[in-house]
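In what follows, a single structure is set out as structure tokens and then discussed.
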Amino acid sequence: MDLESIVKALNLKVRSGEDKLKEEVRGGYTGDLLSDVMGNSKEGDIWITRQVHQNIVAVASLKDHVGIILVQGCEPANDTLEKAIKEGIPIMVSDLSAFQVTGLIYNLIKPLPAESS
Amino acid sequence: MDEKPLYDGSFAVVGGSFDNAGQVSSGIKAILKKMGLSSDVVRKAALVAYESEINIVSYARKAMIRLRVVPGSIIIEAIDEGPGIPDIELAMQPGYSTASPRIREMGFGAGMGLCNIKSFSDIFQITSEVGRGTYLKMIIKTNSGSLNS
């Protein structure tokens, strides 16, 4: 499923990387500890977090994530947004909790069953 | 290493500057990608470089990160001037951290950085001298075969 379909299904507001929404979302990772995300997320993941500072852009870029969803109505800090625009990393925001966003996306893409079937 | 490196470059990292954290790792990733290395090994190298960079920014005064690419391996060294690590065994334990509240607020300092470096490197060495600094050497094999093959 591409990122654009997830944006539509969850009614996410896109703050950067509008031209990268056709990317395929292969899985996801939810977390606010950056080393946890660095160590355990995968290429092609959508990253769900409530960290808003600019280091999230470096993590998403180094790990080749398709984008970052900020939850609970969090908005990216100004320098975060600038960096994300420069590096072409989609940042999206949702008023829902990390639990809800994760569950909804999981149901849409079902990463594990799709792989094992 | 006797082989002439395919790439050899050093990058300065300044302690305390969280705003630019990740810049050196992004540069390293771009260089390795351009050299045509597989995205798997490029991501591993980017990860160990990033965790080293975050450690430097969090604890050291300044450091050099040196990247060398030789046939079969990527070698990354992080040489810092800083407080050093009194007990390396303890520092290597998952979850152990001496990070300040400020560092933790940003989602760093979870005591996972060195563990990540170790698990994503094929060879990892760490030495440290209290009051002087810490030296990390990380080697990532670029050929898919195992070390013994």
Selected from A:D45, A:D36, A:D95 as most flexible by GNM, with chain A as the system and alpha-carbon contacts under 10 Å
A:D36
May I ask for the distance between the Cα centers of the stretch B:15-76 and the stretch A:23-55, given as a whole number of Å?
19 Å
Report the antiparallel proportion of the DSSP beta bridges in the stretch A:3-110 as a percent, rounded to a multiple of 5.
20 percent
Most mobile listed residue (B:G131, B:G111, B:G22) in chain B, GNM with C-alpha springs under 10 Å:
B:G131
If each of B:K4 and A:F99 carries a label point 7 Å out from its Cα toward its Cβ, how far apart are those two points in nm?
6.2 nm
Apply the Karplus curve 6.51 cos²θ - 1.76 cosθ + 1.60, θ = phi - 60°, to the phi angles in the stretch A:13-25 and return the couplings in whole Hz, x for Gly and Pro.
9, 8, 9, 7, x, 4, 7, 10, 7, 8, 5, 7, 8
Test of the criteria: in the stretch B:37-119, which trypsin sites (Lys or Arg not before Pro) are in a DSSP loop and have at most 14 other Cβ atoms within 10 angstrom of their Cβ?
B:R61
GluC sites (Glu not before Pro) lying in DSSP loop within the stretch A:13-117, provided at most 14 other Cβ fall within 10 Å
A:E43
For the stretch A:1-53, listing trypsin sites (Lys or Arg not before Pro) in a DSSP loop whose Cβ sees at most 11 other Cβ atoms within 10 Å gives A:K22
Filter on B:K4/B:K29; A:K83/B:K29; B:K62/B:K141 - keep pairs with C-alpha separation over 19 Å
B:K4/B:K29; B:K62/B:K141
Looking at the square roots a ≥ b ≥ c of the eigenvalues of the Cα gyration tensor of the stretch A:1-60, which shape do they give, rounded for a/c under 1.5, prolate if a/b is larger than b/c, or oblate?
prolate
Taking a straight Cα-to-Cα line shorter than 13 Å from A:K13, and setting aside same-chain aspartates and glutamates fewer than 8 residues away, one finds A:E4, A:E75, A:D95
Going by the alpha-carbon gyration tensor, a ≥ b ≥ c the square roots of its eigenvalues, is chain A rounded (a/c under 1.5) or, if a/c is not under 1.5, prolate (a/b greater than b/c) versus oblate?
rounded
Rounded to one decimal in nm, the spacing of the 7 Å Cα→Cβ label points at B:V130 and B:A30 is 4.1 nm
With -39,500 (n - 2.57) per DSSP H segment of 4 or more residues and division by the full residue count of the protein assembly as shown, the 222 nm estimate, nearest 500 deg cm²/dmol, is -11000 deg cm²/dmol
Out of the DSSP beta bridges found with both residues in the protein assembly as shown, what percent are antiparallel (nearest 5)?
75 percent
Please give the average number of partner chain Cβ atoms lying within 10 Å of the Cβ of each residue in B:106-118, rounded to a whole number.
5
Kindly identify the stretch B:7-141 as rounded, prolate or oblate by the Cα gyration tensor criterion: order the square roots of the eigenvalues as a ≥ b ≥ c, call it rounded if a/c is under 1.5, otherwise compare a/b with b/c, prolate if a/b is larger, else oblate.
prolate
Out of B:G95, B:G109, B:G15, any idea which swings most in a Gaussian network model of chain B, alpha carbons joined below 10 Å?
B:G95
Taking 7 Å along the Cα-to-C-beta vector as the label spot, tell me the A:L108-B:R104 distance in nanometres, rounded to one decimal.
3.5 nm
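Every number in this text was worked out from the coordinates using simple rules, so none of it is lab data. This one's a predicted model, so the numbers in the text were calculated from it and none came from an experiment. Don't worry about glycine lacking a Cβ; one is built from the backbone with ideal geometry, like all the others, and counts go over all protein chains shown.
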